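Before any comments, here is the structure.
The values are calculated or read from the model by the stated rules, or taken from the named source; none is laboratory data. Bear in mind that the values here come from a model prediction, so they are computed numbers and not experimental data. Backbone-built Cβ (ideal geometry, glycine too); neighbour counts: all protein chains shown.
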Amino acid sequence: MDQVVDRAILREKDLVKFLAQRTPVVETYLQNLTQDPQLGPIPQDDRYFLGRMDLSDSIDRSDFLADKDKDKEESMEKRLLGSLTGKFKFQYQPLGFSWMIYADRNDFDRQHYDFHYARREFLGDVRCLVFDVMPKKDAGRGRFVGRIWVEDQDFAIVRLNGTYNRPSRNTYYFHMDSWRLNLIPGYWVPSYIYSEEGNFTAGAKNKLAFKAQTRLWGYNLKLGKVDDELTQIRVDSVKDTSPDAQDASPLAAEREWQQQAEDNVIERLERAGLLAPDGDVDKVLQTVVNNLLITNNVELPRPVRTRVLTTSPLETFSVGNTIVVSRGLIDVLPDEGSLAMVLSHELAHIVLGHNLGSQYAFNDRMLFSDEGTFHNLGFKHIPEEETAADKKAIDMLKASPYAQKLETAGLFLKALQIRAPQLSALLQAHLGNSITENGTVTRMAALETSAPALDWNKLDQIAALPLGGRVKLNPWDNRVEMVKAQPVAITSARDKMPFEVTPFFPRLARYNANAPTGNSTTSTTAANQTATPATAADAAPSH
Ligand SMILES: [Zn+2]
């Protein structure tokens, strides 16, 4: 076992070195909790952080959401914890949500820690050796204390669970559960971190109760510096040799121009790690879009495409003829009808010609840092266009195979309406229009009236799912796929957890070059606790 520990220490140093050149995207979504007599702990308010991590010397982050118009930027801690920072001072290092990607970046060794073998255990398909790790007496403050899981072939750490020791009077250390995935040969890459504090049992007096999910992705992205853009040279090798090739007519030129703007934006978002590459999830979305188009006899001059935004906040927007839906929104939708509702709104913008803005056809407008994405791109519509799109969308839905499936879509909006005041961070759109305004659901709100009454106690009524249950994002190459998790029966209203974050429990597996997107099947325990929501993956063209 001593040799295993030595090996694990070496492998950890290896990983630190290997990732030193990487700048993954890091997202933390936190829900502060309050106790509901019926539903247990439910969100009271929420916080969101999206940034890029620099893993070189220390662990630094840059923020996608910083307000460039303000001189003083909100720190990550303030953004996540808001007024709580008045009560607790959060020590910057090694504390935080994303710090626990390593146990101890600099001093993870036998001089600073004692290791005690606990047992063997399988995590998914991977056999692990489990060790309890304690800092030595004189090792100083802020050292890791907890448990590590070491896989039994290369002895890499695949999971860390614990906190940091000896907080000083005004600091506070979170508890964390940190998971790594074997997405490339030889390395287990930090991917998910779940944090939770607080206790609602009788008599407990907690000043702080929250749960938070941190996700990392985009390890394989290039550094998104403006300089990189300027040195990129593209060579098109395909020559148009058709005999009647001519200059484009004015209308054809206009459409080419719009296509160019659309392609520029999609490519730029993908390079920033905010858009997943075209993949399996898009086939599911595309099927629903096609169903809507065909049954409404809509013919468009350019094809409609779909893509997945890699982030959690619930948002949609469209760029030209490309509809973009966030990973978080797909996660919480209960069924195919509600997915059709979401897509139909953006499709309506396209059909009504609302997306003809073509300023992004000029390539200089794509020259900004990744963190500048939200300041440099935007696809918001004016209120009149929003109203028109909702109306057109409902017309299209009523003529489609989804006409009979809109009750759940309405229920989803009702559930969203109940939680909206507490989930302003989750509902804040960053590139398009938000689904709510000032805590009120505005998007497709007409569907609420035809929906049945929302009843948390009705166990077969699933209005909205927890986050993380549908879409699996590969942290290395950003590909997304639908989760194929077995549904777990809901046994009480507390199992529903609409829009909530839950712990991670990925099924670990070793790297497999033949696997379609990495190799690990990710699912969260809670995400499986949905009765039998028809997955959009079953979306079948109805004709
Ligand atoms: Zn809209």
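Which condition breaks for GLY357 when tested against (1) within 16 Å of the ligand (Cβ to nearest atom); (2) modelled with pLDDT of 90 or more?
If we test GLY357 against (1) within 16 Å of the ligand (Cβ to nearest atom); (2) modelled with pLDDT of 90 or more, just (2) comes out false.
Could you list all residues from the stretch 314-333 that are away from the ligand (no atom under 12 Å from the Cβ) and more than 17 Å from the chain's Cα centre (by Cα)?
Scanning the stretch 314-333 gives VAL319, GLY320, ASN321, THR322.
Does GLY273 satisfy being at positive phi and either among the aliphatic types (A, V, I, L, M) or under 23 Å from the mean Cα position of the chain (by Cα) (or both)?
Yes; evaluated as a whole, the condition is true for this residue.
Test of understanding: among LEU352, LEU293, LEU309, LEU274, which residue is closer than 24 Å to ARG215 by Cα and either within 16 Å of the ligand (Cβ to nearest atom) or surrounded by fewer than 24 Cβ atoms within 10 Å (Cβ to Cβ) (or both)?
On the way: LEU352 fails: closer than 24 Å to ARG215 by Cα; LEU293 fails: closer than 24 Å to ARG215 by Cα; LEU274 fails: either within 16 Å of the ligand (Cβ to nearest atom) or surrounded by fewer than 24 Cβ atoms within 10 Å (Cβ to Cβ) (or both).
The unique qualifying residue is LEU309.
Please work out if ASP104 is surrounded by 15 or more Cβ atoms within 10 Å (Cβ to Cβ), more than 21 Å from LYS211 (Cβ to Cβ), in contact (Cβ under 8 Å) with a residue 40 or more places away in the chain and charged (D, E, K, R). Full working, then the answer.
Working: surrounded by 15 or more Cβ atoms within 10 Å (Cβ to Cβ): yes; more than 21 Å from LYS211 (Cβ to Cβ): yes; in contact (Cβ under 8 Å) with a residue 40 or more places away in the chain: yes; charged (D, E, K, R): yes.
Spelling it out, ASP104 is indeed surrounded by 15 or more Cβ atoms within 10 Å (Cβ to Cβ), more than 21 Å from LYS211 (Cβ to Cβ), in contact (Cβ under 8 Å) with a residue 40 or more places away in the chain and charged (D, E, K, R).
I need a count of the residues in the stretch 334-349 that are touching a Gly at 6+ places or on another chain (Cβ under 9 Å) and either within 12 Å of the ligand (Cβ to nearest atom) or assigned to a loop (DSSP other than H, G, I, E, B) (or both).
Residues in the stretch 334-349 being touching a Gly at 6+ places or on another chain (Cβ under 9 Å) and either within 12 Å of the ligand (Cβ to nearest atom) or assigned to a loop (DSSP other than H, G, I, E, B) (or both): 1 in total.
For the stretch 17-38, which positions are in contact (Cβ under 8 Å) with a residue 40 or more places away in the chain, surrounded by fewer than 17 Cβ atoms within 10 Å (Cβ to Cβ) and not aromatic (Phe, Trp, Tyr)? Lay out the reasoning, then the answer.
Step one: list which residues in the stretch 17-38 are in contact (Cβ under 8 Å) with a residue 40 or more places away in the chain, which gives 18-19, 22-35, 38.
Those still in the list that are surrounded by fewer than 17 Cβ atoms within 10 Å (Cβ to Cβ) too: 18, 34-35, 38.
If the condition is that a residue be in contact (Cβ under 8 Å) with a residue 40 or more places away in the chain, surrounded by fewer than 17 Cβ atoms within 10 Å (Cβ to Cβ) and not aromatic (Phe, Trp, Tyr), then THR34, GLN35, GLN38 are the ones that fit.
Going through the stretch 363-412 one residue at a time, which ones are among the basic types (Lys, Arg) and within 15 Å of the ligand (Cβ to nearest atom)? Steps first, please.
Residues of the stretch 363-412 that are among the basic types (Lys, Arg), as a first pass: 365, 380, 391-392, 398, 405.
LYS380, LYS391, LYS392, listed by residue number.
Starting from the stretch 293-320, take each residue that is without any contact (Cβ under 8 Å) to a residue 40 or more places away in the chain and list its partners that are away from the ligand (no atom under 16 Å from the Cβ), counting only C-beta distances under 6 angstrom and pairs at least six apart or across chains.
Note: pairs meeting the criteria are THR306/ASP282; THR306/LEU285; THR306/GLN286.
Restrict the check to the stretch 395-416 and report whether at least one residue is over 21 Å from the mean Cα position of the chain (by Cα), outside any helix (DSSP H, G or I) and buried (at least 16 other Cβ atoms within 10 Å of the Cβ).
yes
Which numbered condition in (1) modelled with pLDDT of 90 or more; (2) under 25 Å from GLY146 (Cβ atoms); (3) in contact with a helix residue (DSSP H, G or I) (Cβ under 7 Å, 6 or more places away or on another chain); (4) not aliphatic (A, V, I, L, M) is the only one that PRO43 fails?
PRO43 satisfies every listed condition except (2).
In this structure, is ALA453 aliphatic (A, V, I, L, M) and either surrounded by 20 or more Cβ atoms within 10 Å (Cβ to Cβ) or farther than 26 Å from PRO41 by Cβ (or both)?
Here the answer is no, as ALA453 does not meet what is asked.
Do we find a residue being more than 24 Å from SER56 (Cβ to Cβ), without any contact (Cβ under 8 Å) to a residue 24 or more places away in the chain and not in a loop (DSSP other than H, G, I, E, B) anywhere in the stretch 168-187?
Taking every residue of the stretch 168-187 in turn, none turns out to be more than 24 Å from SER56 (Cβ to Cβ), without any contact (Cβ under 8 Å) to a residue 24 or more places away in the chain and not in a loop (DSSP other than H, G, I, E, B).
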